[in-house]
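**Q** Dropping a structure here in structure tokens format, bear with me for questions.
The values are calculated or read from the model by the stated rules, or taken from the named source; none is laboratory data. Nothing here was measured: the structure is a model prediction, and the numbers come from that model. Because the Cβ atoms are built from the backbone with ideal geometry, glycine has one as well, and the counts that use them run over all protein chains shown. What goes into the accessible areas is simple: the full protein's heavy atoms, side chains included, and nothing from ligands, DNA or RNA. Shrake-Rupley method; radii C 1.70, N 1.55, O 1.52, S 1.80 Å.
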Amino acid sequence: MLDSAYGAWCDVVLPRAELIVGLDYPRWLSLARLVRRTLRRVLTREPVCNGNEETIAGIFIEDSILRGISGPSRGSGR
């Protein structure tokens, strides 16, 4: 399994792959799930990665994933 965020690894991984499945969810669905998950993690102080916790302030920083997904649409026009 490989996320598209690891594009630099494609030349290593793709030749070994037996099956490639592309998931193309509508942007609104991905954004709704992301917002719901982020708010839940902020409210419950659920640890995410290496014990880090999401914060309200972290939602609005420049490299926040929420700002990234809500930016310009990529390719499909959704």
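**Q** Could you tell me which residue of the stretch 37-78 is modelled with the lowest pLDDT, considering only residues that are assigned to a loop (DSSP other than H, G, I, E, B) and among the aliphatic types (A, V, I, L, M)? Reasoning before the result, please.
**A** Filtering the stretch 37-78 for residues assigned to a loop (DSSP other than H, G, I, E, B) gives 45-46, 48-52, 54-55, 60-64, 70-78.
Next, from what is left, pick out any that are among the aliphatic types (A, V, I, L, M): 48, 61.
Details: V48: 80, I61: 72.
Step by step, filter the stretch 37-78, then rank; the result is I61.
**Q** Within the stretch 6-36, take every residue that is in a helix (DSSP H, G or I), open to solvent by 70 Å² or more (accessible area, probe 1.4 Å) and within 30 Å of T55 (Cβ to Cβ) and give me the one that is modelled with the lowest pLDDT.
**A** It comes out as Y6.
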